[in-house]
Amino acid sequence: MGEFGIGQGVPRFEDPRLVRGGGRYVDDVKIPGMAYGMVLRSPHGHAKINSIDTTAAKAAPGVLAIITGTDWKKAGLGDLPSHGGLKRRDGSPMFKPRYTVLAETHTRWVGDPVAFVVAETIAQALDAAELIQVEYTELPAVTSTEQAIKPSAPRVFDECPDNIAFTEFIGDKAACDAGFAKAAHIVKHRFVINRVTAACMEPRGTVGHYDRGRYIIHTPTQRPHGFRGEIAAILKVHESDIQIITGDTGGSFGMKTPVFNETPLACYASKLTGRPVKWMSTRTEGFLSDAQARDNITEAELALDRDGRFLALRVKTFAAVGAYLQPNMPAYFLNAGTLAGTYRTPAIFVDTSGVYSNTNPVRPYRGNGRPEAAFIIERMVELAAKETGIDSAELRRRNYVSPKEMPFKTGLTFTYDCGEFEKNMDLAMELADFDGFSKRKKESRKRGKLRGIGLSNTIERAAAPGTEGAELRFDKSGSATLLVGSNTQGQGHETVFKQIVADKLGIHPDDIRYVSGDTDEVFYGEGTGGSRSATMGGSASLRATEKVIEKARTIAAHALQVDKSEVKFSDGVFSSTKTNRTVTIKEIAANAQLPAKIPPDMEPGLGATAVHKTPGNNYPNGCHICEVEIDIDTGVTDVVRYSVVDDVGTVLNPMLLHGQIHGGVVQGVGQALMEDIQFDSAGQMVTASFMDYAMPRAHNICPMKVESNSVPTKTNPLGTKGAGEAGCVGALPAVVNALVNALSDYGVKHVEMPATPERLWRIIHAGEAKRA
């Protein structure tokens, strides 16, 4: 099916349903008899719970149940999953506290769940929650990662005197030290990566329904099967006693992946009341309860020889954990390899620590450590260019890994299998009209604008070793059902996976029904995350299709009365040079249901399951070039040109690829220019609404130019590399590099994020004052 095949820019099959209001999100779930849950949350950043009195609340109209931490513990139910297995700096086990579903003795951030109220209506639940009397003793809080590591900082947990959860060492310290010992230039800088939140279009929500001995759970998660295993452990039941149903999901970016407090609470409440129970977050509640992201302090040093070649990189990072350690949160350091960048730096050493604070838990968010690492290395390259007097593009050229060096083992964990890094930069500079920048800069200055250009050439790890499942089955009519373990949060899985099957089987996508997100229907799945879906889910879909073709070939040989080796398959038709007869895949599907029309030793039916397993990562990479204008009088920044040349291997659907790049770039622009979670010293979030937390809008970004320089990888049968996080990885350094370039006439070497109008206005006017 050429027009729908691999590589075609097919519009998303999901969109007509969604734009007509046919989406089914968690808040659309309505079950007869459904009750509503509300979480009472701590108003303090850190406090001791002296007592909880629910007497008045239980007597309130419509109240069906109230659950406290004491009730949960008495019921013998479990804690939320956390992360373990790491160590502290001295080699002792990491500090890993219990991650309770409801606070028992202390609350550790504003928003920490204290009680769960269930009532006939959400209004009644809200009214009853106000009647719960909680006596607190407020304790000192610490909300800044920088402050939390100081000896005088308040302790988040009494048992952890330094607030350090773990420390991880990565790389060869001796080799790194040797590189610095022979350096002609050493560049040092301290970076602060600001905290952000996902702010998904659809807030978190869940419906728990205890029905005839099973829990049926509707919730937007990226990994239904993994989620099922974790919730089963909390509720102390078998996985087979739980069904997870994930319908349409309005964004996640990693935030909705884990089991949050509210899902086990809704499930237990449903069992107590005999009613389905729904909980939906409000936007403000989301700010107070969602896991947040980024937030680290990094000190970096880059050693260079006299010719500007990189000798070693040394990085020390303190990364926020928040009040509790979420599952996979420390995975950011597994992506520390991104610090190697596209360069040949022979020795890199990383010292990274996770830091507790009285703030929302932190977890993986689009890029999961890769944007931060890419930001560090690409900013260090720019600083090194200033230090050495070498043009930054030339400095990169001297240090790029070349295609002939592949596979290339970097100085930090990764082994690149393919890529054309210098070519990406050359193509991007041409696309961006890099040589014409000086003329545009002069024109901008005449209009009272400071124009800057920034380049980043980054690489990341995608589709880490793992597995994914798919099933393809035909019915008698010749239509197919494709069930895949990778589920969507808006990326377009249905479109791409149908394209793969349609391309290989020669059938129309309309003849393929797509199913995902239901653990009772999909036999196996790891889920979505880490830019793995095209690689893993796509390869599993391909494998299942190939198995179907192989069985269909045997049936076709039987029907055509020729040897199987003589049967060819193309565009949905089986044929052989030994006969003028042909048979279509749809005819084979019908025949496969009839024992009389298939070989006697074959089971009826046409279908197959497949689990794709990948042994290694793939490495998407690309060059971003951003141009900004800064208004001298107001400090307001406009992104006026943005060009990208990306290598994501085989492009399955260029339209969807561009959408992923655009979205990632905008999230990077948002963090660089405006997004910023802030707390006061007592732990109160002061950016808990869109009045205070600035989100990028359409007018904050210009039309983008996106082109591909595809170098297919051999790590999977499709040749794809992950694309979902590439835009975010490249944007963060490209935007800040452009800002620094625009302000370079004032001697500015670095700009902290977010580069708000006020911050830039102060930099400009401080520079003007020095000139005067």
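The values are calculated or read from the model by the stated rules, or taken from the named source; none is laboratory data. What you see is a predicted model, and the numbers here were worked out from it, not measured in a lab. A quick note on method: Cβ atoms are made from the backbone with ideal geometry, for glycine too, and the neighbour counts reach across all protein chains shown. Quick note on the areas: whole protein, heavy atoms, side chains included, nothing else; ligands and nucleic acids left out. Shrake-Rupley method; radii C 1.70, N 1.55, O 1.52, S 1.80 Å.
Before moving on, here are some points about what is shown:
- Residue that is modelled with the lowest pLDDT, among those in region 611-665 that are surrounded by fewer than 24 Cβ atoms within 10 Å (Cβ to Cβ) and among the hydroxyl-bearing types (Ser, Thr, Tyr): THR614
- Per-region count, region 300-320, residues open to solvent by 10 Å² or more (accessible area, probe 1.4 Å) and either within 21 Å of the chain's Cα centre (by Cα) or modelled with pLDDT under 95 (or both): 2
- Within region 262-274, residues that are under 10 Å from HIS209 (Cα atoms) and hydroxyl-bearing (Ser, Thr, Tyr) sit with their Cβ atoms under 6 Å from residues that are open to solvent by less than 10 Å² (accessible area, probe 1.4 Å) and assigned to a loop (DSSP other than H, G, I, E, B), at 6+ positions apart or across chains, in these pairs: SER270/PRO276.
- Residue within region 321-330 that is without any contact (Cβ under 8 Å) to a residue 40 or more places away in the chain and either open to solvent by 10 Å² or more (accessible area, probe 1.4 Å) or touching a strand residue (DSSP E or B) at 6+ places or on another chain (Cβ under 6 Å) (or both) present: no
- Qualifying position, being closer than 27 Å to GLU130 by Cα, part of a loop (DSSP other than H, G, I, E, B) and of a type outside the set (D, E, K, R), among ALA56, ALA60: ALA60
- Within region 19-48, the set of residues being open to solvent by 50 Å² or more (accessible area, probe 1.4 Å) and within 27 Å of GLY490 (Cβ to Cβ) comprises VAL19, ARG20, GLY21, ARG24, TYR25, ASP27, ASP28, LYS30, TYR36.
- Leading residue by the ranking (nearest to ARG473 (Cα to Cα)) among those in region 576-598 that are open to solvent by 40 Å² or more (accessible area, probe 1.4 Å) and outside any helix (DSSP H, G or I): GLN593
- Members of region 97-133 found to be touching a helix residue (DSSP H, G or I) at 6+ places or on another chain (Cβ under 7 Å) and either surrounded by fewer than 20 Cβ atoms within 10 Å (Cβ to Cβ) or in a loop (DSSP other than H, G, I, E, B) (or both), listed by number: THR100, VAL101, LEU102, ALA103, GLU104, VAL110, GLY111, LEU131, ILE132
- Leading residue by the ranking (nearest to ALA470 (Cα to Cα)) among those in region 548-563 that are in a helix (DSSP H, G or I) and open to solvent by 70 Å² or more (accessible area, probe 1.4 Å): GLU550
- Identity of the residue in region 390-414, of a type in the set (D, E, K, R) and part of a helix (DSSP H, G or I), that ends up surrounded by the most Cβ atoms within 10 Å (Cβ to Cβ): ARG396
- Test: residue in region 753-763 that is buried (at least 18 other Cβ atoms within 10 Å of the Cβ) and either on the phi > 0 side of the Ramachandran plot or of a type in the set (D, E, K, R) (or both): no
- Count - residues of region 255-276 that are under 21 Å from ASP112 (Cβ atoms) and not aromatic (Phe, Trp, Tyr): 13
- Applying a threshold of 9 Å to beta carbon distances and a minimum spacing of six or more residues, or different chains, the list of pairs starting in region 71-96 at a residue that is within 18 Å of VAL156 (Cβ to Cβ) and ending at one that is part of a helix (DSSP H, G or I) and among the acidic types (Asp, Glu) reads LEU80/GLU230.
- Flag if GLU138 is under 30 Å from THR282 (Cβ atoms) and open to solvent by 80 Å² or more (accessible area, probe 1.4 Å): yes
- Scanning region 175-231 for residues that are assigned to a strand (DSSP E or B) and out of contact with any helix residue (DSSP H, G or I) (no Cβ under 8 Å at 6 or more places or on another chain) gives LYS188, ARG190, ARG195, ASP211, ILE216.
- Scanning region 415-449 for residues that are open to solvent by 10 Å² or more (accessible area, probe 1.4 Å) and either outside any helix (DSSP H, G or I) or of a type in the set (S, T, N, Q) (or both) gives THR415, ASP417, CYS418, GLU420, ASP433, SER438, ARG447, GLY448, LYS449.
- Screening the candidates GLN671, GLN678 for the property of being closer than 15 Å to ALA293 by Cβ, open to solvent by 20 Å² or more (accessible area, probe 1.4 Å) and touching a Lys or Arg at 6+ places or on another chain (Cβ under 9 Å) yields one hit, GLN678.
- Residues that are touching a Cys at 6+ places or on another chain (Cβ under 7 Å), crowded, with 24+ Cβ neighbours inside 10 Å and not polar (S, T, N, Q) occur at least once in region 370-389.
- If you go through region 726-747 and pick out every residue that is in contact with a helix residue (DSSP H, G or I) (Cβ under 6 Å, 6 or more places away or on another chain) and either without any contact (Cβ under 8 Å) to a residue 40 or more places away in the chain or not aliphatic (A, V, I, L, M) (or both), you end up with 5.
- Residue, surrounded by the most Cβ atoms within 10 Å (Cβ to Cβ), within region 50-96, restricted to residues that are closer than 24 Å to ASP112 by Cα and polar (S, T, N, Q): THR54
- Selected residue [of a type in the set (Lys, Arg) and farther than 30 Å from GLN499 by Cβ] from ARG24, ARG98, ARG17: ARG98
- When each of ASP503, ASP520 is tested for being assigned to a loop (DSSP other than H, G, I, E, B), among the charged types (D, E, K, R) and more than 16 Å from GLY722 (Cα to Cα), the lone residue that passes is ASP520.
- Residues (among the basic types (Lys, Arg) and either assigned to a strand (DSSP E or B) or under 17 Å from VAL196 (Cβ atoms) (or both)) located in region 682-723: ARG697, LYS705
- Test result for ASP510, acidic (Asp, Glu), assigned to a helix (DSSP H, G or I) and free of Cβ contacts under 8 Å to residues at least 12 places away in the same chain: yes
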